[in-house]
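Inspection log for the structure reproduced underneath, given as structure tokens.
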Amino acid sequence: MKDDEDWMRDALLLAQKGLGLTAPNPAVGAIVVKDGVMVGSGWHQKAGTAHAEVHALADAGEQARGATAYVTLEPCSTYGRTPPCCAALIKAGVTRVVVGCEDPNPDHAGRGYDLLRQAGIEVVAPVLEEECQQVIRGFAFSQVRKRAYLSLKLAASLDGRIADWEGASRWISGEASRDRVQCLRREVDAILVGRRTAELDNPSLLPRPAEGRNPRRVILDRKGSLPLSLRVFRDEQCGRSICVLGERASETRVDALSKLGVQVLRCPEEDGHLDLALLLEQLRKEGLNHVLCEGGGEVAASLMKQNLVDELFWVLAPKVLGAQGTAVLAGGWRLPEAPAFELTRQERVGEDLWLTLSRNRSCEHAVR
């Protein structure tokens, strides 16, 4: 017989189907259970369309009356582009709602619980809170911090090099790791790279296979000097590209990019570098909650120095390239000011070791 945690795990699997599809909304899964049997299920598929609870209730039909609903995130309590899910649950006649985690929006947190309880519905929360929060970490962070959540992926040799002495970087990591990167691309709202990576690698930055995902592509080009022949400016998805220019980039460049259908964002500069904190605020306003940065070393170092790396995927390849190779991060820090992270997961992916780390917030005061 399944218990609340078992059913919530099933709801989480549904929620994960929405990753990379729902921005600016979170990915949410819902299940309706009656007499120990699942009678309805659903997940949020796209912003502006029905939420997970509505899909699950529609799937359950009349069997929802007297049933238990399992939802990975506190049901919404206000009108937006769709009616509130609390009202749908009440109208459907469910008698019990089990929730994974609370709404991270401070203006709404707990309000859904109150409305359900006022209607006589039993509310059980939280259940598998950490797992449910992990699925919506980008959305939750953007709600509280008012900027996009930033994941940084770095693939390096054992001695911390991202390219050999000739500048060759393909491929440091193995095929299995490259497949994992495609999975990451399908889970985020945007992929960010610096000018050097865009020019040298000329990447598409699109997930393969796409599986319905189409993340925005954010290319940093402070001076506006990148070739307009790059794939991100010319392919069939160029309208999904965002080119970030510095304050002094020419209006001629803006016009040229706009004619190609590329969106242009102007970003303030500080000491000759783009203010990436303000950029992440701008990207959040564009509806992008979770951004994955794929390099290169200068951009990664700037993000570190501006204390903007919230999650770090460090891929260690079993190779040694030597001191003349390109260091994984440009510049450096004195030991007392070094950015610090907490290891949250480690796993072998093919021939490589993947380390997943989160920012050690207790050390933020030391990073400037």
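At 222 nm, what value in deg cm²/dmol follows for the chain if DSSP H runs of at least 4 each add -39500 (n - 2.57) and the sum is divided by all its residues, to the nearest 500?
Working: 12 runs with 106 residues, N = 368.
Result for the chain, helices only: -8000 deg cm²/dmol.
Keeping the other protein chains in place, figure out the carbon and sulfur percent of the accessible area of the stretch 205-285, with a 1.4 Å probe. Present the calculation step by step, with values, prior to reporting the outcome.
Details: 1840 of 4070 Å².
Of all accessible area on the stretch 205-285, carbon and sulfur atoms account for 45 percent.
With contacts defined as alpha carbon pairs under 8 Å and 6 or more residues apart, what's the relative contact order of the chain in percent? Intermediate results must be reported in sequence, preceding the final value.
Numbers: 803 pairs, mean separation 57.5, N = 368.
After rounding, I find 16 percent.
Tally up the carbon and sulfur contribution to the accessible surface of the stretch 25-149 as a whole percent, 1.4 Å probe, everything protein left in place.
Working: 2650 of 5520 Å².
Carbon and sulfur atoms account for 48 percent of the accessible area of the stretch 25-149.
Could you state the accessible area per residue of the stretch 195-241 in Å², with a 1.4 Å probe and every protein chain left in place?
Working: 2360 Å² over 47 residues.
Per-residue value: 50 Å².
Along each principal axis of its Cα atoms, how long is the stretch 94-163 end to end? Whole angstroms, biggest number first, please.
62, 24, 13
Long-range amide H contacts for Gly40: which residues qualify at under 5 Å (H placed 1.01 Å from N, peptide plane, sequence gap of 5 or more or a different chain)?
The list, which skips near neighbours in sequence, is Val32.
Treat each spin label as a single point 7 Å out from the Cα along the C-beta direction, and report the Leu265 to Ala330 distance in nm.
Simple spin-label model gives 1.9 nm for this pair.
What residues of the stretch 175-214 lie in the reach of a label at Glu347, counting those whose backbone N is under 19 Å from a point 7 Å from the Cα along Cα→Cβ?
Label zone hits: 175-188, 208-209.
State, to one decimal in nm, how far the label point of Ser204 lies from the label point of Tyr79, with both points 7 Å from Cα in the Cβ direction.
Each label point lies 7 Å from its Cα, and together they span 4.4 nm.
Using the alpha carbon gyration tensor of the stretch 2-52, what are the three equivalent-ellipsoid semi-axes (square root of 5 times each eigenvalue), largest first, in whole Å? List each step's numbers first, then the result.
Values: eigenvalues 100, 24, 7 Å².
Result for the stretch 2-52: semi-axes of 22, 11, 6 Å.
Give, in nm to one decimal, the length gained when the segment between Thr49 and Asn105 is fully stretched (0.36 nm per residue of separation minus the Cα-Cα distance). The partial results should precede the final answer.
Details: separation 56, 0.36 × 56 = 20.16 nm, distance 1.99 nm.
In short, 18.2 nm is gained.
Over the alpha carbons of the stretch 269-338, what is the largest minus smallest coordinate on each principal axis, giving the biggest first in Å?
42, 27, 22
With the crude spin-label approximation of a point 7 Å out along Cα→Cβ, what separation in nm comes out for Glu129 versus Leu355?
Spacing of the two 7 Å Cα→Cβ label points: 3.0 nm.
Read phi for every residue in the stretch 218-235 and hand back ³J(HN,Hα) as whole Hz from Karplus 6.51 cos²θ - 1.76 cosθ + 1.60, θ = phi - 60°, with x for Gly and Pro.
Computed from phi, the couplings for the stretch 218-235 are 10, 10, 7, 8, 3, 8, x, 10, 5, x, 6, 8, 4, 4, 5, 9, 10, 6 Hz.
Assuming a viscosity of 0.692 mPa s and a temperature of 37 °C, what translational diffusion coefficient in µm² per second does Stokes-Einstein assign to the stretch 188-280, Rh being the Kirkwood radius over Cα pairs? Display every interim value, and only then the final one.
Details: Rh = 13.4 Å.
Rounded to a whole number, D works out at 245 µm²/s.
Whose amide H sits under 5 Å from the amide H of Leu73, counting only residues 5 or more places off or on another chain, with H placed in the peptide plane?
It is Gly29, Gly100, Cys101, by chain and number.
Ranked from highest to lowest mean number of other Cβ atoms within 10 Å per residue, what is the order of the peptides 51-62, 151-162, 342-353?
Working: 51-62: 22.1, 151-162: 20.4, 342-353: 13.3.
Highest to lowest by the protection proxy: 51-62, 151-162, 342-353.
R0 = 41 Å: FRET efficiency of Ala277 with Ala58, Cβ-based, nearest 0.05? Kindly include the intermediate steps, with their values, before the conclusion.
Numbers: r = 42 Å, r/R0 = 1.03.
The pair Ala277/Ala58 has a calculated efficiency of 0.45.
If the convex hull of the alpha-carbon atoms of the stretch 238-308 is projected onto planes in all directions, what is the mean projected area in square nanometres?
Numbers: hull surface 20.5 nm².
Computing the convex hull of the Cα atoms and averaging its projections yields 5.1 nm².
Thr252 accessible area, nearest 10 Å², 1.4 Å probe?
Accessible surface of Thr252 is approximately 100 Å².
Would you rank Trp43, Trp7, Trp333 by solvent-accessible area, highest first, keeping every protein chain in place and using a 1.4 Å probe? Could you put the intermediate results ahead of the total?
Values: Trp43 55, Trp7 25, Trp333 80 Å².
Reading off the accessible areas and sorting them downward yields Trp333, Trp43, Trp7.
Mind counting lysine pairs for me in the chain? Cα separation below 17 Å, and the two need to be 8 or more apart along the chain or on different chains. Before the final figure, lay out each step's value.
Working: Lys2/Lys34; Lys17/Lys46; Lys34/Lys91; Lys146/Lys285; Lys153/Lys305.
Lysine pair count for the chain: 5.
Return one whole number: the accessible area per residue of the stretch 1-135 in Å², for a 1.4 Å probe. All intermediate terms of the calculation are to be shown ahead of the outcome.
Details: 6260 Å² over 135 residues.
On a per-residue basis, the stretch 1-135 sits at 46 Å².
The values are calculated or read from the model by the stated rules, or taken from the named source; none is laboratory data. Computed from a predicted model, the values in this text were never measured in an experiment. No Cβ is skipped: glycine too gets one built from the backbone with ideal geometry, and neighbour counts run over all protein chains shown. Accessible surface areas use protein heavy atoms only, side chains included; no ligands, DNA or RNA. Shrake-Rupley method; radii C 1.70, N 1.55, O 1.52, S 1.80 Å.
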